[in-house]
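The values are calculated or read from the model by the stated rules, or taken from the named source; none is laboratory data. It should be emphasised that the depicted structure is a prediction, and the values quoted were computed from it without experimental measurement. Every residue, glycine among them, receives a Cβ derived from its backbone with ideal geometry; neighbour counts consider all protein chains shown.
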Amino acid sequence: MTAAAPVRASTPRPKAAATTSTSSHAATAPAAAASAFTSRPGAPPPAAPRPPPPFVPVTRRSKRPLSTDFLSDDATAAFVRRVLCPQHQAGNGTPPPLEDLLPPLTSRNDVDLQLYALLAVILRDFVQAWYSKITSDETFVAEILQIIAHCTRALEQRLRKVDLESLLLDELPDLLDNHITAYRTAHNPVARPPTQVNPRDIYHALCPLVPLSPVPKPEDPESAAKQQENETMYRQLLVQGVLAILLPTEDLENECLTALVGQILSELIIGNVFINKLAQPWMLWEIMIILVRVLGKREPEKTTLEEGVAEALSPDAPIIEPESSTRGWSFQGIFWGVIQWLFMAFTVVQLVVLTLASSSSLPARSTPALDAKHSLAGSGSATKAAKANASKPVKAPIVTFKLWSCISSLIELDARTPWLSGALSMLQFGAVSGPAKLAGLDGPLDRLLSHAIHSRLLDSSHLPTLLRATRGALFPNNAQGVSSLTPPADESQLRALRRRCASALLALVPRWLSRFYLSGRGLGLRSRTVPSRGLSGRGELATAREEGERDVGTSGGQASTEEREESEEDRAAEEERVLSEIEEGILDVFSDEYCNRHLMYGILELILVRLMPELAEKGVAELWDERLS
């Protein structure tokens, strides 16, 4: 490495010398010509020499300036090298790549870079901050990285065997559906005043979870302290079980390292980042706003996911407002509208026919070969296979996933438009169990949907962008500073944030659909209970919508001033009702931190059990005894 350093450093020197000689030659050429001219006998005196033209250096091989964005790959690599590899910073030679200095975490280098950056922030602020005061030895941090690398590589191998379709679109939405049902049941009890029931007690009884008991009460500080203690112990038990499954035996015998890694995973990552952050109502609403900013981009030059997330995370990113322009009807407009709809219908039919015809070449979702293998095996192996597959989810058609029922429950489809819910249920039953079974398991539509999910939603190329966005939101400038996602200071700011989130969600819905479904014209549950907020409500709406554009239905400019003002007031009141429906019908199910903790722990448990089924079969002490015995 030291022998190659002078060779690398000497390459730009000839270019610098050539540039200097060129400039000096350009500067002395007029002077030499003038001296030669004056040496002739009888020649007139020469004119004053022209000043040399300004020299413009050649920039064909200029070095690209380093990006000032701390989320860029160059800045991230420099930060990781500075924190995790300080011993390789000295010297003028070209430093080796990070792949040669750090253990691989996954099979993708771009994912490893973002994971290294997250680990660098955590280790620098919570490990090196106190360990560097004891000794300057860096082997301790290297050992921690080795243990974490063992865990991540083992998790990646197990992740390849998990049915991500069922996990993300069936089982996790089922948890969310149960949360929505339990929250609405707890906050809309049968009991009426003067009988009072704590909604948290009802929710905890419907969704019992050991680490979140007893239910904390403001008048009893001991209950809150006891609940926090139980929650901390539960996180440590989860992490100890994960380490007992993933780590090699020689690493498990190192009690100091396993204890420290367990604290990092249980408190810093699971407790601080996952539970304490994502259980906050304002954080969930901010995430919804960011998703709307990413999904609502209309500029063609900003279609990539990375650019959309980067712009959505900026604090001054605007909220996309719904279009509120009233268009008049004309014969020409109706004619071209009918032509456009006919063309779209023909295109959709053609696309459906072609895709269904080509779906036969797509791979099947089920594995009949493995089922036949288990059926032909002996009774002992069949019993073992049955026990191994007992905790695995049964494959179901994508059309019957819990995702659709979760969306229906979230928007209260059964209560608002029961006729539409019944029609969709009939279509679902006909597609799954009809004569053709187009949407049945391994049917043409089922294979097509599975292929689209794997190629778009489960594409691993999106993972680095998501990790980069997470680091930018949690650790701005790679430090525990003031994040761009700051909690509201008081209740008024929290209400304003909820109104902004409702306005952002409304921007994704066509105006005619929101007026029909959410403005009180249907038979919604809350359309009869939302009070009229009058002028104050319209003032809050104007503040939340930033004095946005409002419709002026003037019917060609012939309406009077009083009619225009009345029309504006009606539209403002209608929009106020729509936003109130979104707030109280959709966003309020995430407004209780204690209930959100139940949901987050349920998600964590489900993911860990699907990755490591041993956690559901054996206890933590039994797992450690098997590994260390």
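What is the residue count in segment 208-234 for residues that are within 25 Å of MET612 (Cβ to Cβ) and in contact with a Phe, Trp or Tyr (Cβ under 9 Å, 6 or more places away or on another chain)?
Here the count works out to 6.
State yes or no: is LEU265 modelled with pLDDT of 85 or more and in a helix (DSSP H, G or I)?
Criteria met by LEU265.
When CYS256 is evaluated against the numbered criteria (1) surrounded by 13 or more Cβ atoms within 10 Å (Cβ to Cβ); (2) closer than 23 Å to ASN272 by Cβ, which criterion, by number, is the only one it fails?
(1)
Taking only pairs six or more apart or across chains, which ones have beta-carbon atoms under 7 Å, a first residue in segment 393-412 that is in a helix (DSSP H, G or I), and a second residue that is β-branched (Val, Ile, Thr)?
VAL399/VAL432; THR400/VAL432; SER409/ILE180; SER409/THR181; LEU410/ILE180; LEU410/ILE586
Just to verify a result, which residue in segment 83-103, among those that are in a loop (DSSP other than H, G, I, E, B), under 32 Å from the mean Cα position of the chain (by Cα) and surrounded by 15 or more Cβ atoms within 10 Å (Cβ to Cβ), is modelled with the lowest pLDDT?
Within segment 83-103, the match that is modelled with the lowest pLDDT is CYS85.
State which residue is farthest from LEU611 (Cα to Cα) when the search covers only segment 128-146 and only residues that are touching a Pro at 6+ places or on another chain (Cβ under 9 Å) and among the aliphatic types (A, V, I, L, M).
ALA142
Does segment 142-160 contain at least one residue that is modelled with pLDDT under 90 and either of a type in the set (Phe, Trp, Tyr) or not in a helix (DSSP H, G or I) (or both)?
Looking for residues that are modelled with pLDDT under 90 and either of a type in the set (Phe, Trp, Tyr) or not in a helix (DSSP H, G or I) (or both), one finds none in segment 142-160, hence no.
Take GLU165 and tell me if it is over 24 Å from ALA469 (Cα atoms), surrounded by 15 or more Cβ atoms within 10 Å (Cβ to Cβ) and modelled with pLDDT of 90 or more.
Answer is no for this residue.
Right, VAL242: hydrophobic (A, V, I, L, M, F, W, C), more than 20 Å from ILE603 (Cβ to Cβ) and crowded, with 19+ Cβ neighbours inside 10 Å or not?
no
For segment 59-82, does any single residue satisfy the condition of being at pLDDT below 85, crowded, with 16+ Cβ neighbours inside 10 Å and either of a type in the set (Gly, Ala, Ser) or farther than 30 Å from ASP459 by Cβ (or both)?
no
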